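S.K.: Okay, here's the structure, questions in a sec.
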Amino acid sequence: MHKSIFVNLPVADLPQSKAFYEALGFTNNPQFSDETAACMVWSETISVMLLTHAKWRSFTSRPLPPVGTSEVMLAVSCDSKKAVDLMNDAAAERGGTADVNPVQDLGFMYNRNLADPDGHVWEAMWMDPAAMPRHSSRHPLSSIGRFQISLQKGLHLVTEREAARFLVHDM
C-alpha cells in the first residue's frame with residue numbers, strides 16, 4: 001500500500017464545498033462520501049476529506065478556527081502556469097476568493113493563493129526545477145519565506161529545516 005495523505009477540512013456547506021473542489025480539478029470518491037463527508041481526490045495518494053461541522057466535531061473536541069484565520073496553507077503542484085491561473089479563476093467563480101496573497105512569479109516558480117468558501121488557503125503552484133538558478137550565495141527560495149519541494153501533482157508540507165536538507169546540495 002502506498003503512503004497517502006487525507007487532509008480533513010471542516011466545511012459549513014458540504015454541497016457547495018464539493019462543487020468548489022470539483023471545479024478546481026478534484027474528483028469525488030463516492031466510496032468515502034455521504035451526507036456528512038465528501039472525499040475529494042487530487043491524486044492517487046492525496047485526498048481532501050470535506051467534513052460537515054458536526055462530523056468534524058466527532059473527530060476532535062478542538063474548536064473550529066475562526067473565520068478569516070489560517071492554520072495552514074496547502075500547496076498543490078500544477079502542470080503549467082496556465083493551470084495555476086485556471087485553478088485560481090475557478091476558485092473565484094465557485095464561491096472562493098482568488099489571490100488572497102500577492103501572485104509570486106520567480107521565473108522558475110509561479111504561484112497564486114486562493115481560499116475556499118470556508119477560508120481554507122490553498123496555493124496552486126508550478127515549478128521548473130531545471131530553470132532554477134544553481135549558483136548564488138543565497139538560494140533563490142530563501143526569499144520566499146517558506147520552502148516547497150515539487151512533486152508531480154503533489155502536496156507540499158515541508159518545513160524550512162527539511163527544505164534546507166534538500167537544497168544544500170544544489171548551492
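Only the coordinates and a few stated rules stand behind these numbers; no lab work does. Predicted model, so just to flag it, every value in this text is computed and none were measured. We place every Cβ from the backbone using ideal geometry, glycine too, and count neighbours over all the protein chains shown.
S.K.: Restricting the search to the range 84-137, which residues are touching a residue at least 40 places away in the same chain (Cβ under 8 Å) and either surrounded by fewer than 18 Cβ atoms within 10 Å (Cβ to Cβ) or in a loop (DSSP other than H, G, I, E, B) (or both)?
M.R.: Those that are touching a residue at least 40 places away in the same chain (Cβ under 8 Å) and either surrounded by fewer than 18 Cβ atoms within 10 Å (Cβ to Cβ) or in a loop (DSSP other than H, G, I, E, B) (or both): 93, 94, 95, 96, 104, 116, 117, 118, 119, 120.
One line per residue, one yes/no per condition, for (1) of a type outside the set (A, V, I, L, M); (2) within 18 Å of residue 16 (Cβ to Cβ); (3) within 14 Å of the chain's Cα centre (by Cα):
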| residue | (1), (2), (3) |
| --- | --- |
| 84 | no, no, yes |
| 87 | no, yes, yes |
| 96 | yes, yes, yes |
| 103 | no, no, no |
| 111 | yes, no, yes |
| 125 | no, no, yes |
| 129 | yes, no, no |
| 134 | yes, no, no |
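S.K.: Mind checking whether some residue in the range 72-81 is buried (at least 17 other Cβ atoms within 10 Å of the Cβ), of a type in the set (Val, Ile, Thr) and either in a loop (DSSP other than H, G, I, E, B) or touching a Gly at 6+ places or on another chain (Cβ under 8 Å) (or both)?
M.R.: yes
S.K.: Tell me, yes or no, whether the range 59-68 has at least one residue that is without any contact (Cβ under 8 Å) to a residue 40 or more places away in the chain and within 22 Å of residue 124 (Cα to Cα).
M.R.: Within the range 59-68, not a single residue is without any contact (Cβ under 8 Å) to a residue 40 or more places away in the chain and within 22 Å of residue 124 (Cα to Cα).
S.K.: Please go through the range 110-128 and give me each residue that is farther than 10 Å from residue 84 by Cα and of a type in the set (Gly, Ala, Ser), ordered by number.
M.R.: 115, 119, listed by residue number.
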